[in-house]
1. Would you list Phe150, Phe318 from fewest to most Cβ contacts within 10 Å?
2. Restricting to Cα pairs below 8 Å that are 6+ residues apart, what does the relative contact order work out to for segment 208-376? Please round to a whole percent.
3. Where does each of Tyr299, Tyr358 land when they are ranked from fewest to most other beta-carbon atoms within 10 angstrom?
4. Distance from the Cα centre of segment 83-104 to that of segment 37-70, in angstrom?
5. Using amide H atoms built in the peptide plane, which far-off residues or other-chain residues are under 5 Å from Ser133 H to H?
6. Hey, what number do you get for the chain at 222 nm if only DSSP H runs of n ≥ 4 count, each worth -39500 (n - 2.57), divided across all residues, to the nearest 500?
7. What nm distance separates the two modelled labels at Ser45 and Leu161, each placed 7 Å from Cα along Cα→Cβ?
8. Using +1 at the C-beta of Lys and Arg and -1 at the C-beta of Asp and Glu, which of Leu164, Gly14, Ile43 has the Cα lying farthest in the positive direction of the dipole of the chain?
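Here, each number is a calculation from the coordinates, and none is a lab measurement. The structure presented is a predicted model; accordingly, all values stated were derived computationally and were not measured. Positions of Cβ are generated from backbone atoms using ideal geometry, with glycine treated the same way; all protein chains shown enter the neighbour counts.
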Amino acid sequence: MESNLETSGAARLGGRGTFALLAAHCAGMVDMVALPVWVGTLIGSYHLDPQEAGGLVTLFLAAAVASSVVFAPRLNRLPARASVSAGFGVAMLAFLSMAAVGDSYAAMAGLHAVAGFAVGCSLSFTHGTIGRSRNPHRLFAAAGLALGCFAIAFLGVTPGLVALHGGPILFRVFAGVMAVAAAVCAMAFPVLKAPHLEMSTAEPSFSPTVWSGMLGVACMAVTQAMVFSFVERIGVDRGFGLAAVTSVLIATGLVNLLPAPLAGFLELHVPARRVVLGGPLAQATLALVITQSSTLAPYAAAGAVFVAVMIFTHTFAFGVLARLDVTGRAVAATPAMLMTGAAVGPILGGTLVKFLGYGSLGIAAVLMAVAAMLCFSRLERRAVPAGASA
């Protein structure tokens, strides 16, 4: 009998099931970890121009968003373990094919779309299952910490492999990550029964409050991608020096290990609504410092913690959405929320920088923060911790 099979919608996961969810989260969110190496490899090893390289990654992200839109509403109607394993399996084959097709841009584009759709499917079921656990806030915080550790290992090894063996090795590494995730999930991904719905076999539509929370997360994701995509360029173009800018990026990776476990620790001590309202404000403030600084110290301090604000705030937002929608479908749409921002942010930021300069990114961040805070303001006013039951 499956050790992690549960009879209720809110499930207590065993160690094997929890490990499978963490592995699936790391594989599914690989774009957040690998984006600089990914784009750099397409430009340096495949000799694509920045627009072409960015276009391939945008195809991956757009396909993941479309996949999340398709599969998130079907979270409780399809077999999660089979869907997650199959998604990672298809992504593995797509990445292996990328390593073999050479310089064919059309083939690369099609394979990026296939990989993105497959990963989006797996990630939707992963986040939906986390959302239906007994404590989604704390489990999502653990997943954030796992992703931070994975990022350090990935970024510590992969650039050297690409320099030594060429561009195709990156896609073989991606394929290996997907293969491990597929195997782990096939053996241990949690199997949960659908939540009981009284008087109807149809799942209820999302409330306006849930939609507002989801839109607030998407607004923060746009700001995150819009500003962070240009952190390196801002530092270099303002004469801070490549070594100093690289040190800021390294510091960012180390700082990013902290917000997820901190959010888990503060779950019962800080009202979630206060966090999600303060997060966009802090994000916009840091964006202004990054884009307006003419000296290294404030730029470095704000740049090192910029991503951490999003991780911390999103952990609380994830817990709130999981509590408001017990079916898990809202948090199953997490890939759509985050990857929409990842796809839109760089294009929006690039357009603003091209015509208005780096300072315009800070102004745009303030406007997005206002939109996010308006969305989050519709969440319940009760100071209920994110891990409490509805």
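1. Numbers: Phe150 19, Phe318 29.
Listed from fewest to most nearby Cβ atoms, that is Phe150, Phe318.
2. Relative CO of segment 208-376 lands at 47 percent.
3. Tyr358, Tyr299
4. 14 Å
5. Ala11
6. Taking each H run of at least 4 residues, the total per residue is -25500 deg cm²/dmol.
7. According to this spin-label approximation, the distance is 0.9 nm.
8. Gly14
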